[in-house]
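The values are calculated or read from the model by the stated rules, or taken from the named source; none is laboratory data. Just so you know, these numbers come straight off a predicted model, no measurement behind them. Here Cβ is always computed from backbone atoms with ideal geometry, including for glycine, and neighbour counts include all displayed protein chains. Surface accessibility is based on the protein's heavy atoms, side chains included, excluding ligands, DNA and RNA. Shrake-Rupley method; radii C 1.70, N 1.55, O 1.52, S 1.80 Å.
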Amino acid sequence: MTTTDITDGTARVPASGGAPVDVPVDPAETQGVTRGRLVLRRFLRNRMALAGLATLVLLYALSLLSPLFAPWHYDQYDYTAFLQPPSASHWFGTTQIGEDVFAQTMRGLQRSLTIGLTTAAISIVIASLVGASAGYFGGWVDRGLMWLVDLLLVLPSFLIIAVVSPALRGDSWILFVLLLAVFAWMITARILRGMTLTLREREFVKAARFMGAPSGTIIRRHILPNMASLMIIDVTITVGGTILLETGLSFFGFGVQPPDVSLGTLIRDGSTSSLTTPWLFLFSGGLLVVSVLAVNFIGDGLRDALDPQARSARRTRRKKAAAS
Amino acid sequence: MTTFDTDVLAEPGGARPAPAEPLLEVTDLDVSFPSEEGRVRAVRGVSYRVAPGEVLGIVGESGSGKSVSSLAVMGLLPPSARVGGSIRLQGRELLGLSDVELSRIRGRRIAMVFQDPLSALTPVYSVGDQIAEALLIHGGRGGSPRAARKRAVELLDLVGIPNAAGRVSAFPHEFSGGMRQRAMIAMAIANDPDLIIADEPTTALDVTVQAQVLDVLRTAQEVTGAGIVLITHDLGVVAGTADRVIVMYAGRAVETGGVDDIFATPRMPYTLGLLGSVPRLDTGRGQPLVPIDGQPPSLVALPPGCPFGPRCPLHVATCDTAEPDLLPVPGAAPGHDAACIRVGDLVSADAEGGELAAEIYDVGETPDTAPAAPRAEREPVLAVDGLVKHFPVRSGGFFRRSVGTVHAVDGVTFDVREGETLGLVGESGCGKSTTILEIMGLEPPIGGAVRVLGADTARLSKAGRRRIRRDMQIVFQDPMASLDPRLPVRDLIAEPMEIQGYAKERIAQRVPELMRLVGLRSEQINRYPAEFSGGQRQRICIARALALEPKVLVLDEPVSALDVSIQAGVLNLLDELKAQLGLAYLFVAHDLSVVRHIADRVAVMYLGKIVEIGSVDEVFAAPQHRTRRRCSPRSRCPTPRSNAAASASCCRATCPAPRTRRRAAGSGPAARSSRPSTRGTGGGASSWSRRAAPHCPAQRANPSPTTRWPATGHASERWCRTAPPNPPPSDG
């Protein structure tokens, strides 16, 4: 008896020890703001998240704008410089066949970020829509949607993408993104459906129903925010995962094709000679790490901003309260 | 088994000579936890001793450190906790023992009964296995698994599980809450412990079941001769059970003494407040409850002086200079100590108990809530007529055939008129909540009719349904569960208005208005619900329900999840709002004293039917149905004597389950028509009495309770009431 209950006991202790403590209030603030603005405010308080957001925006802007100021283009060859280390004219050095690594890295960054971020965004939208409505409505909606999920899960996604992507050759990257997204959302949707099933029985959802709130509003206001932690974690993982998946596809000759580059193809090509000519892959690898980290920081910040019990958001406020 | 003393039971709180060797001696216990803001000093210098066979009650609000102090005794605190002082069990120091050594003591010498029996039992093992596990781990009397199982059956029988041999292999989910708590107690006494720590053992249970569980706890103590530490926030529980009481506040004992002394002559304002905040059956309406304003102080950085000072009505400047010590009360029985510098003033006051509380806490009179027009002339705002809700029971097989129905609500009729409060009372599982959900759902019912403000829900259009939602709102039992944890207060309160399409400016103006109305500060508008205490959260729920200016408020046990002192504040608020806004309440509760306090009329529900309905005074003066009689004894009346007497007449049956009628079992129309129905008696109260007829579905579905009742003569007599119900007594 005693051994089974340690978690119960310990879980309750801090709650009863510190819960009804009166938190100092900011007397200036009596005007109510909606959740959206409150979340924004809490997000902006989080320095790490802001840094992550700034980094990501900067990187993306840099990669988009680099053709304007960089001396070389990614598909240009400098026949005077093969495999040169970084210099004034080639900032990140050159490859074996005289391509400018800086231009290539920027191009690859732009490709990879676009693919990673859009795929993650599309897949989480599909997953939350499908998962939440399947769980919330139940019945035949649930059965139908879950049937679709199971169907997509058993399809060999890698093979299908491999078969279909040559047909999309050209500059139709958006179709490629869609293809990646279509095969990325199913497991998340299943998890979200399970969470919705439990959330649906919670009293606050019942209360909203008794207020006459339409189902769409309930899903948007109550169900999705309460699953936000999982969704955000899922997005940050998907961003990294998709970039890697795209690398794998490119390796087999699908996905991004030469002369176009992505971070994945650059790392693949550069990593073979990483000890002798590290500039070939160091920059692209570094930027990949930096951008995925930035996405993670943004995700952490968003999660803390949405979660009222998150520590960092509250601690910041206390500090402010103590200072004033 | 060693020192069983009949005096303890015959005379709770009787002055027994303290044995030389205390069973448990806690001296200067200090517990602190790290937190973001600093160390939380949850327990600050608590000392107490428990003699063998003694029941010590520890009382206090949540956060007063009562649970932490007992977990320290068990050695179950998280590793981050810092514990100081000394805990001696029969002279042996427990602090500083390793976990392995403590494990040998836990379960065998000290046993614990937890608050929530659902989470304290492992769902995947049968109850018998779990009790046997407790026996086998300590190699107690059941050396072999077979012997352990046999002993498990004995133990289950001892704690009053009917048909113990059959139920021993049942799983926890097949037990009701009360039965689970009985199983927990069986597990606790399995190894014949010297000390049982019961941490809020009855808080999660129904009032009727609470009484039974306390009875079982007392039996367990009789059998084992153990000392009991009973931790609770409910003074009613302590009153009937404990010998001595410690009142804790902000991690310190503020008053200790024999149970009679504490209840008759409390000498600390906090104890007085706790006593005054309990609604009582014997006072009835009109007398406002005593809420203790404010919140317990933060235990991180306590200011010097009495921690209760900011909430104390007797506060004077000298209170803030130093924290008072626990000193003997002048002129009181020995052993009665209080920590208050103004003890002398309280001693010289002439009023007693609750009156004194009302006096010093200076609560105003409740505003007169009786509407001018007599009841018959007022419009019914909510009328329920023969409401029926059945759930099909399906077989487990592939085709999921319907094999029967659970008659959760079986023809319920009542009406609520403008400006009145109808209390709907009954044990859990009797169909109260189903009734409410049916009403709030506004869907056409299976049978019968629901009319809200004259509109029949069966004939409502979508727009009409939305309009009606504006006039009828609900407040749920658990304020934490019914508030979306991810929404700030402003959005929570604004939600119904946004759904009804109010303009932004109007919402922005109305939200602070509502917060003021329910007594929340407007600075709290951008907080999340987790930052509020239980009582404040319930106030948010009430504000949300009032946002649309409804005519009817459905309250589903709105205070049963709250501490007693906070409960009083919420009940007073409901009273005020009713007077101010002319609301009608449908108040569902299982606690009769709360209903008595707030309701004008009472409907008693039993097994999906209304068995008794009438005005509060009529129903309480002459209870007709045995449910009511069973509910009433443990009236949470905070007077030890009346409680002890009442508990003797308490029926020990377990709660009856709603009937499952099997189709094959044939409850044909003939059987049904012979069931008694609600019929009017003199004085406007109608009642439904029942003979122990062979077709009585409760007996068929759950025969075990009846087999127990003949054990006590008067109980079976009540069950088989044959005489027509007594009319309410009339003078003259």
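Below is a table of values for the structure above.
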item: Full-extension gain in nm, B:VAL403 to B:SER86, via 0.36 nm per residue minus C-alpha separation; result: 108.0 nm
item: Mean projected area (nm²) of the alpha-carbon convex hull when the stretch B:372-521 is viewed from all directions; result: 13.2 nm²
item: Peptide A:208-221 - average C-beta neighbours from other chains (10 Å radius); result: 5
item: Rounded percent of accessible protein surface that carbon and sulfur make up, the stretch B:82-180, 1.4 Å probe; result: 53 percent
item: For the stretch B:433-562, accessible area per residue (1.4 Å probe, heavy atoms of protein chains only), Å²; result: 34 Å²
item: Accessible area buried between chains B and A, both sides summed, probe 1.4 Å, in Å² to nearest 100; result: 5600 Å²
item: Residue order for B:THR219, A:THR242 - accessible surface, 1.4 angstrom probe, largest first; result: B:THR219, A:THR242
item: Gain upon complete extension [B:ASP99, B:SER144; 0.36 nm per residue less C-alpha separation]; result: 13.6 nm
item: Karplus 3J(HN,Hα) series, Hz, for the stretch A:106-113 with 6.51 cos²θ - 1.76 cosθ + 1.60 (x for Gly, Pro); result: 4, 4, x, 4, 4, 4, 5, 4
item: Accessible area in the full protein assembly, largest first, 1.4 Å probe, for A:HIS73, B:HIS138; result: A:HIS73, B:HIS138
item: Entries in B:LYS432/B:LYS551; B:LYS389/B:LYS432; B:LYS504/B:LYS578 that, when Cα-Cα distance is taken, lie over 23 Å; result: B:LYS504/B:LYS578
item: Accessible surface of A:TRP72 - all protein chains present, 1.4 Å probe, nearest 10 Å²; result: 60 Å²
item: Quotient of C-alpha Rg and 2.2 N^0.38 Å, computed over the stretch A:188-302; result: 1.57
item: Average projected area [Cα convex hull, the stretch B:19-126], square nanometres; result: 8.6 nm²
item: Heavy-atom accessible area ranking, 1.4 Å probe, most first, across B:LEU235, B:LEU118; result: B:LEU118, B:LEU235
item: Exercise: per-residue mean of other protein chain Cβ atoms within 10 Å, B:478-491; result: 6
item: Whole-Å distance, taken between Cα centres, linking the stretch B:508-576 and the stretch B:165-222; result: 34 Å
item: Solvent-accessible surface (1.4 angstrom probe) belonging to B:CYS430, in square angstrom, nearest 10; result: 10 Å²
item: Loop-located chymotrypsin sites (Phe, Trp or Tyr not before Pro) in the stretch A:125-156 whose Cβ has at most 11 other Cβ within 10 Å (DSSP); result: none
item: Cubic angstrom per residue, convex hull over Cα atoms of the stretch B:144-283; result: 132 Å³
item: Förster-model FRET efficiency, 41 Å R0, A:ALA54 and B:LEU581, C-beta, rounded to 0.05; result: 0.20
